[in-house]
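Single-structure report; data block below.
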Amino acid sequence: MRLSDDRYSRDLRRFSLALRMLAHDARLNTICAWTGFTAERVRHLCRSHRKDVPDGQGARRRGRSPTKLTALLASPGLRSEVAAVAGLCRIMGVIPATRLSSARQRLPGVANGERLCDALELFREIVPYARLTLEQLVLVVFALSEEEQWGIDRCTKCRAIILVDHLSLARRVCAHCREERETADDPGPVAVAQPGAGNGRDGAGTAVQQSLF
């Protein structure tokens, strides 16, 4: 009887996880990978799920899942979201503390899938207008777990969580600190002598800064 109960409990968790992923517009291959369900079972679940949501909602996304993290990080806004949610995923154990090779094969599972959804849902509670999707978060988790190119680090100035490109020699600072430094390094406009003021004085006899070049 206990064996039967355990099997029922595991199946119920997989079912609940599949529903959560459907609510987050996950694709078929993503749901299958994290729940262990067959494609046919997920399709049947999706059809049943659509009956319980308003018209125009609950439609399963089609096509391939995103595969390039670089394309996602091209947007400054999304890059900030990715850095924030990556730190949350590290704290919640979605992204392991040490490098995990072949994360795409080794990470998916019901327990990790539950933590993945927990992290996304908590992040959206903290940042209500976040644009990051579950599919994008899965890509982030895989890339940062494998650490082949991208990793998690802290800003050398303010210690905020940042994403780092292991192939880049750029200083490891967050966008905010980089902007502050660029502003501080900018000397601002240089006063230029007015025509006819070759003696370094304006028409009222007041000294003015001459151009150095």
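The values are calculated or read from the model by the stated rules, or taken from the named source; none is laboratory data. Just so we're clear, the structure is a prediction, and the values are computed from it rather than from any experiment. Glycine gets a Cβ as well: all are built from the backbone with ideal geometry, and neighbour counts include every protein chain shown.
When both residues are 6+ apart or on different chains and their Cβ atoms are under 6 Å apart, which pairs have a first residue that lies in segment 132-156 and is under 18 Å from P108 (Cα atoms) and in contact (Cβ under 8 Å) with a residue 40 or more places away in the chain, and a second that is surrounded by fewer than 19 Cβ atoms within 10 Å (Cβ to Cβ) and small (G, A, S)?
Every condition considered, the pairs that remain are E135/S65.
Report the residue count in segment 61-106 for those that are at pLDDT below 90 and of a type in the set (S, T, N, Q).
5
Of all residues in segment 148-159, count the ones that are surrounded by fewer than 18 Cβ atoms within 10 Å (Cβ to Cβ) and either basic (K, R) or not in a strand (DSSP E or B) (or both).
Counting residues in segment 148-159 that are surrounded by fewer than 18 Cβ atoms within 10 Å (Cβ to Cβ) and either basic (K, R) or not in a strand (DSSP E or B) (or both) gives 7.
Starting from residues that are touching a strand residue (DSSP E or B) at 6+ places or on another chain (Cβ under 6 Å) and modelled with pLDDT of 50 or more, keep the ones in segment 167-213 and report whichever is surrounded by the fewest Cβ atoms within 10 Å (Cβ to Cβ).
Applying the filter and picking the extreme gives R172.
Is it the case, given these coordinates, that E125 is out of contact with any Ser or Thr (no Cβ under 8 Å at 6 or more places or on another chain), at pLDDT 95 or above and within 23 Å of N29 (Cα to Cα)?
Considered against the rule, which asks whether it is out of contact with any Ser or Thr (no Cβ under 8 Å at 6 or more places or on another chain), at pLDDT 95 or above and within 23 Å of N29 (Cα to Cα), E125 comes out as no.
Can you tell me which residue in segment 23-60 is modelled with the lowest pLDDT, limited to those that are assigned to a helix (DSSP H, G or I) and of a type in the set (D, E, K, R)?
The extreme case among them is K51.
What are the pairs, 6+ residues apart or on separate chains, where a residue within segment 105-128 that is closer than 14 Å to L17 by Cβ has its Cβ under 9 Å from a residue that is loosely packed, with under 13 Cβ neighbours inside 10 Å and among the basic types (K, R)?
V110/R10
If we keep just the residues of segment 10-39 that are without any contact (Cβ under 8 Å) to a residue 24 or more places away in the chain and β-branched (V, I, T), which is surrounded by the fewest Cβ atoms within 10 Å (Cβ to Cβ)?
T38
Within segment 126-144, identify whether any single residue is under 16 Å from A97 (Cα atoms) and touching a Gly at 6+ places or on another chain (Cβ under 6 Å), and answer yes or no.
For segment 126-144, residues under 16 Å from A97 (Cα atoms) and touching a Gly at 6+ places or on another chain (Cβ under 6 Å): absent.
Go through segment 80-122 and give me each residue that's part of a loop (DSSP other than H, G, I, E, B) and either assigned by TED's automatic domain parsing to the domain that holds R14 or surrounded by 21 or more Cβ atoms within 10 Å (Cβ to Cβ) (or both).
V94, I95, L107 - these are the residues of segment 80-122 that are part of a loop (DSSP other than H, G, I, E, B) and either assigned by TED's automatic domain parsing to the domain that holds R14 or surrounded by 21 or more Cβ atoms within 10 Å (Cβ to Cβ) (or both).
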